[in-house]
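The values are calculated or read from the model by the stated rules, or taken from the named source; none is laboratory data. Please read all numbers here as calculations on a predicted model, not as lab measurements. Neighbour counts run over all protein chains shown; Cβ positions are idealised from the backbone, glycine included.
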Amino acid sequence: MNDLMTEFDLYLFNEGKLLEAYKHFGSHIIKDDLNRVMGVRFTVYAPHAKIVSVVGDFNNWDSRLHVMDKIDPIGIYRLFIPKLHEWTRYKYCIVTAYGQTIFKADPYAYFSDHRPETSSKVYDINGYVWHDTTYLEKRRNHSIYTDKLSIYEVHLGTWMTKPDGSVHKYNELVDYLIPYVKAHGFSHIELMPIVEHPLDESWGYQGTGYFSATSRYGVPKDLMYLIDMCHQNNIGVIFDWVPGHICKDAHGLYLFDGEPLYEYSDYKIRENEVWGTVNLDLGKGVTRSFLSSNALFWMRYFHCDGFRIDAVSNIVYYLGDQSNGTNYPAVEFLQNLSVTVKQEDHSVLLIAEDSTTYPKMTYPVSEGGVGFDYKWNMGWMNDTLRYFEKDPIYRKYHHDLITFGLVYTYSERFILPLSHDEVVHGKHSLINKMPGDYWQKFANFRTLLGLQFTHPGKKLIFMGGEFAQMHEWKDKEELEWFLLQYPLHERANRFVRDLIQVYDHHKPLYELDHHPDGFSWIDSTNRDQSVFSFIRYASEPSDFCVVVLNMTPTAHESFKLGVPRLGVYEEILNSDKDIYGGSNIYNGEPIHAVHDQFHNREYTITMKLAPLSITIFKYRVLEGLFE
């Protein structure tokens, strides 16, 4: 029980470099040499407090009975309470410097009471036996940049509910979510925040228990089991992580000891009035130690495969506004976080949800970058959805919305997101963003996803988008699974499954996502017909795919296309096939290129071009052919 922090630990804590703060703070079950539970040790940081005590069911929440000892002048309090056990409910009762009494959940608690209760719970985080060694070794031996990456964004509470409307537990979802994701071919799932949070409607983005997997869906080891089973089925798990801001609920981190502790002292930059949240001060050492330890905690105990970091614009600029200036201490925190994560495991992904043009977001820290592996391409998402929302007759006037993204696509490493943010708050579902009658809506929908999966950049789709959910996402209801009994939705879903299979099995569609050699326009200027054509290359020059998108309802029986090599061009996907709900205009036979200069290329193919469609051809060399 000799667990006092050393002077060096205290130094690291204040400097923002104590990377295992969760081992020192919080509630920890103490056992004897025979592994018998002796009691629980509680440790909390509250430098502005006058008195701190532990309260709970065990003492009828009486703050006089278990007053904590101040073990260090910087404000660390500790108390060992014998005979307590796992699942004990507790809070810290803090008498502030101004004499106010407040009750706080434990910032480092491993588990929390079920909402609407707000207590922390003693939990033994150790003991889960993992079976994902093979997966982790494979992950660490693969390139995180040249490999395929297709992410399925999931909100666990509404992906699928039980018949009575209640939520599935983490371990129950194993039987439903994993087979579904595997059947579709997604490489990863991204979990919207699963830290403890009081309000369902915040979707987890306003957390109170950063070390506590939310009790809505079970206990932490159930989440470990879900991730373990994902890994055993070759599915990665990315956590949506929110280091920038916290909610203002009374039991949370906000004004933890009566004064700003983890957040800014300056009201003007502390209060995020748009979201009703409080911005964390990422320049403070104690905040940095808290958050850096938290990232390592999820990596070590939950084997997470990456972090999608929310609202990076609100981190790099004060209040998310460039005119307020760059928040250099916060940028430094992100850089330090990158170094810490990569030193722990180079294969864990760091992804920025960032709408700014802040430079070198995905460059290594050693090269002056922020250190993310990927950044969401918000520009591509906004421009592409604006284009697809146009009636096809007007698309020729907005042609640049599709081509402009290729101007900057290699300035960072991008993920192309069609996320939850695009299907809420009156923005409409993906299918209902599309213009036209039902047939045209679904044709546009297929073409949109086809563009996403053939455009340079990795991929992300929010749940429901894979079968063209009609309504916006509802944060209190499960997805509209009943739609799969209707042919248009079932066929749209089949298209998405086949599209991901084509993506998975053809290196040109992912290997050089972040290198200019991986992409070449065939024709980017065909405004009048609203047709786009380009080539995606793999590292082997003869390994390439030709992609043609027709953005209008006009079909073309003999559409001429310049290509780079003689040989055969085999149609490997056509979104207009009847099995996907289309009009069945497709190229059944392989097309042989001929000597005929077109589109500034030496050779030509002539193809059928279906209305509102995407067509993907795979090049194949004919044996004995000499150009």
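Some points to look at:
- For Arg308, the test of being out of contact with any strand residue (DSSP E or B) (no Cβ under 9 Å at 6 or more places or on another chain) and crowded, with 21+ Cβ neighbours inside 10 Å is failed.
- Residue that is surrounded by the fewest Cβ atoms within 10 Å (Cβ to Cβ), among those in segment 359-418 that are among the β-branched types (Val, Ile, Thr) and touching a Phe, Trp or Tyr at 6+ places or on another chain (Cβ under 8 Å): Thr403
Residue-wise test of (1) in contact with a helix residue (DSSP H, G or I) (Cβ under 7 Å, 6 or more places away or on another chain); (2) without any contact (Cβ under 8 Å) to a residue 40 or more places away in the chain.
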| residue | (1), (2) |
| --- | --- |
| Met378 | no, yes |
| Tyr394 | no, yes |
| Leu418 | yes, no |
| Glu422 | yes, no |
| Phe442 | yes, no |
| Arg446 | yes, no |
| Leu449 | yes, no |
| Ala468 | yes, yes |
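- When segment 558-606 is filtered for residues that are part of a loop (DSSP other than H, G, I, E, B), surrounded by 18 or more Cβ atoms within 10 Å (Cβ to Cβ), within 38 Å of the chain's Cα centre (by Cα) and of a type outside the set (Lys, Arg), the ones remaining, listed by number, are Pro564, Ser575, Asp576, Gly581, Gly582, Ile585, Tyr586, Asn587.
- With respect to the conditions (1) out of contact with any Pro (no Cβ under 9 Å at 6 or more places or on another chain); (2) surrounded by fewer than 17 Cβ atoms within 10 Å (Cβ to Cβ); (3) farther than 26 Å from Val621 by Cα, Gly436 falls short on a single one, namely (1).
- Taking segment 162-173 as the range and being surrounded by fewer than 20 Cβ atoms within 10 Å (Cβ to Cβ) and on the phi < 0 side of the Ramachandran plot as the test, the residues that pass are Lys162, Pro163, Asp164, Ser166, Val167, Lys169, Asn171, Glu172.
- If you go through segment 502-523 and keep only what is touching a helix residue (DSSP H, G or I) at 6+ places or on another chain (Cβ under 9 Å) and surrounded by fewer than 16 Cβ atoms within 10 Å (Cβ to Cβ), you end up with just Trp521.
- Looking only at segment 231-244, and only at residues there that are within 15 Å of the chain's Cα centre (by Cα) and not in a loop (DSSP other than H, G, I, E, B), the one that is surrounded by the fewest Cβ atoms within 10 Å (Cβ to Cβ): Val237
- All positions within segment 171-230 that are under 23 Å from Glu117 (Cβ atoms), of a type in the set (A, V, I, L, M, F, W, C) and assigned to a loop (DSSP other than H, G, I, E, B): Met192, Ile194, Leu199, Trp203, Val219
- Residue check, Asp32 at pLDDT below 95 and surrounded by fewer than 14 Cβ atoms within 10 Å (Cβ to Cβ): yes
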